[in-house]
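Chemist: One structure, as structure tokens, below. Some questions next.
The values are calculated or read from the model by the stated rules, or taken from the named source; none is laboratory data. All values reported here derive from a predicted model rather than from experimental measurement. Positions of Cβ are backbone-derived with ideal geometry, glycine not excepted, and every protein chain shown enters the neighbour counts.
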Amino acid sequence: MASGRPVRPRGAWRKALWAAAAGVALLGQGAARAADIVIGQVAPLSGVLASTGEQMVLGGKIYFEAVNAQGGVHGAMLRQVVVDDGYEVAKTVARTRELLARPDVLALFGFAGTANITQLLKDGVLDKGGAALVAPYTGGESLRTPFNPWIFHVRAGYVDEAEHMVQQLTTLGMNRIAVMYQDDGFGQSGLDGVQAALDRRKLKLVALASYPRNTDDVGAAVKTIAAASPHAVIMIAVNKPAAAFVKQYREAGGGAQLYNISVVNPAEIVRLAGLANAHGLGISQVVPYPYQPKLPVVREYQQLLAKYAPGAEVNYTSFEEFLGAKVLVEALRRAGPAPTREGVVKALESLQKFDLGGLVVSYGPNNRIGSRSVEVTVIGSTGRLMK
């Protein structure tokens, strides 16, 4: 496990997540049976992305448990085996190799980090393992282009998110746009998307500043961007550095409209930056709004969250991975009573115009991007997200 782990949170469902990260399967009691379907997940349960990792695991957990309660898949129980990488690239690679060395692991699920997963591709880990990775929590373009056969995305990409945000800003006459980004593959992917969207409109960034990965050291970025007096700042950042930038920029008198790409937890931003600073922050989203049960899949998610994780709050991250779990389970059903890694990949390819309950995803032999849906939400005066 990575060093610097935060204090383990209270609550039965949180204890279950930490037990899984310590090497205990989340699902299935007692020793594994030969018929069990094992799903491997590498998640950042420690480090700067720990709260996000917790929600990623939870979203899969509640759906897998619900499926098991109904008899599993072709009579086999699902076992979600989770290991922690601390959001560190080398650990992601090592943990993934360990999972794929296990013949009982049929598929991978819900990893985090553009740079982390890109390294898996560069090192040939997914090629050698031959298992699908479903619903990674990233929209990085390096995982989509060039085409690779292993990664099945549920979400739109950062390029799609950037285009949507830039379109919204320029429609409102906000043409002086700055970017604050994480100095790695994740940040570069989002930055490339923003620059491409600006290029299409014959515009240039008025300021550009980065911060080091796995830190919240954003002081220099705040000074650079504040000096440019932008109309808007698009952040390509995770929770802690995003919150640090929001807090320091607002307290320095910065008045630009602030946006962040989808991979942040608004509750964490409010807690770290303070509501007065976080109020008005726009966050792009790539899955339906999970706080109002208007769609069948949102109602299902809310019901299962209450049943299998009492006390857990509705959250975009856990909902996104809940959707990913639904995609994976449907593929396991289609793969038949004796699934193989190859069979799961083929079954995922067969999911064309598949309705999850209000969100339709489509895959195919030459398509791994299930959805390109994007919308923008805003942190309201109470700290809650508003559409």
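Chemist: Can you name the residue in region 74-112 that is touching a Ser or Thr at 6+ places or on another chain (Cβ under 6 Å) and not in a strand (DSSP E or B) and, of all such residues, is farthest from Ala335 (Cα to Cα)?
Modeler: Going residue by residue through region 74-112, those that are touching a Ser or Thr at 6+ places or on another chain (Cβ under 6 Å) are 84-86.
When the remaining residues are screened for being not in a strand (DSSP E or B), the result is 85-86.
On the way: Asp85: 30, Gly86: 32 Å.
The selected residue is Gly86.
Chemist: Sticking with this structure for a sec: Mind listing whichever residues of region 56-66 are buried (at least 23 other Cβ atoms within 10 Å of the Cβ) and either out of contact with any strand residue (DSSP E or B) (no Cβ under 9 Å at 6 or more places or on another chain) or within 15 Å of Arg333 (Cα to Cα) (or both)?
Modeler: Within region 56-66, Leu58, Gly59, Ile62, Tyr63, Phe64 meet the criteria.
Chemist: Scan region 182-190 and tell me whether some residue there is outside the structural domain of Leu58 (by TED's automatic domain parsing) and either surrounded by fewer than 20 Cβ atoms within 10 Å (Cβ to Cβ) or in a loop (DSSP other than H, G, I, E, B) (or both). So that I can check it myself, show each step before the final result.
Modeler: Kept after step one, since they are outside the structural domain of Leu58 (by TED's automatic domain parsing), are these residues of region 182-190: 182-190.
When the remaining residues are screened for being either surrounded by fewer than 20 Cβ atoms within 10 Å (Cβ to Cβ) or in a loop (DSSP other than H, G, I, E, B) (or both), the result is 183-184.
Yes - at least one qualifying residue is present in region 182-190.
Chemist: Ok, one more. Give just the number: which of (1) among the hydrophobic types (A, V, I, L, M, F, W, C); (2) outside any helix (DSSP H, G or I); (3) surrounded by fewer than 19 Cβ atoms within 10 Å (Cβ to Cβ) does Ala276 not satisfy?
Modeler: Status for Ala276: all satisfied but (2).
Chemist: Separate question: Looking at Gly282 and the list (1) out of contact with any helix residue (DSSP H, G or I) (no Cβ under 7 Å at 6 or more places or on another chain); (2) closer than 22 Å to Ala107 by Cα, which single condition is not satisfied?
Modeler: Among (1) out of contact with any helix residue (DSSP H, G or I) (no Cβ under 7 Å at 6 or more places or on another chain); (2) closer than 22 Å to Ala107 by Cα, the lone unmet condition for Gly282 is (2).
Chemist: Quick check, is Pro339 more than 16 Å from Val361 (Cβ to Cβ) and either polar (S, T, N, Q) or crowded, with 19+ Cβ neighbours inside 10 Å (or both)?
Modeler: Values: more than 16 Å from Val361 (Cβ to Cβ): yes; either polar (S, T, N, Q) or crowded, with 19+ Cβ neighbours inside 10 Å (or both): yes.
Yes, satisfied.
Chemist: If you check Val134 against the conditions, is it buried (at least 24 other Cβ atoms within 10 Å of the Cβ) and in the same structural domain as Val238 (by TED's automatic domain parsing)?
Modeler: On the way: buried (at least 24 other Cβ atoms within 10 Å of the Cβ): yes; in the same structural domain as Val238 (by TED's automatic domain parsing): no.
Answer is no for this residue.
Chemist: Of the conditions (1) of a type in the set (A, V, I, L, M); (2) within 29 Å of Ile269 (Cβ to Cβ); (3) surrounded by 24 or more Cβ atoms within 10 Å (Cβ to Cβ), Ala90 fails just one. Which one is it?
Modeler: For Ala90, the exception is condition (3).
Chemist: How many residues are within 29 Å of Glu163 (Cβ to Cβ) and part of a loop (DSSP other than H, G, I, E, B) if we restrict to region 331-375?
Modeler: The qualifying residues number 17.
Chemist: Here is a check on your reading of the model: is Gly71 modelled with pLDDT of 90 or more, assigned to a loop (DSSP other than H, G, I, E, B) and either among the polar types (S, T, N, Q) or surrounded by fewer than 20 Cβ atoms within 10 Å (Cβ to Cβ) (or both)?
Modeler: Here the answer is yes, as Gly71 does meet what is asked.
Chemist: Turning to a different aspect of this structure: Is one or more of the residues making up region 168-181 in the same structural domain as Val238 (by TED's automatic domain parsing), touching a Pro at 6+ places or on another chain (Cβ under 8 Å), small (Gly, Ala, Ser) and touching a residue at least 24 places away in the same chain (Cβ under 8 Å)?
Modeler: First, the residues of region 168-181 that are in the same structural domain as Val238 (by TED's automatic domain parsing): 168-181.
From what's left, touching a Pro at 6+ places or on another chain (Cβ under 8 Å): 176-178.
Next, from what is left, pick out any that are small (Gly, Ala, Ser): 178.
After this cut, where a residue has to be touching a residue at least 24 places away in the same chain (Cβ under 8 Å) as well, the list is 178.
There is at least one residue in region 168-181 that is in the same structural domain as Val238 (by TED's automatic domain parsing), touching a Pro at 6+ places or on another chain (Cβ under 8 Å), small (Gly, Ala, Ser) and touching a residue at least 24 places away in the same chain (Cβ under 8 Å).
Chemist: Then there's this: In region 240-260, is there at least one residue being within 25 Å of Ala115 (Cβ to Cβ), aliphatic (A, V, I, L, M) and under 15 Å from the mean Cα position of the chain (by Cα)?
Modeler: The answer is no, given that none of the residues of region 240-260 is within 25 Å of Ala115 (Cβ to Cβ), aliphatic (A, V, I, L, M) and under 15 Å from the mean Cα position of the chain (by Cα).
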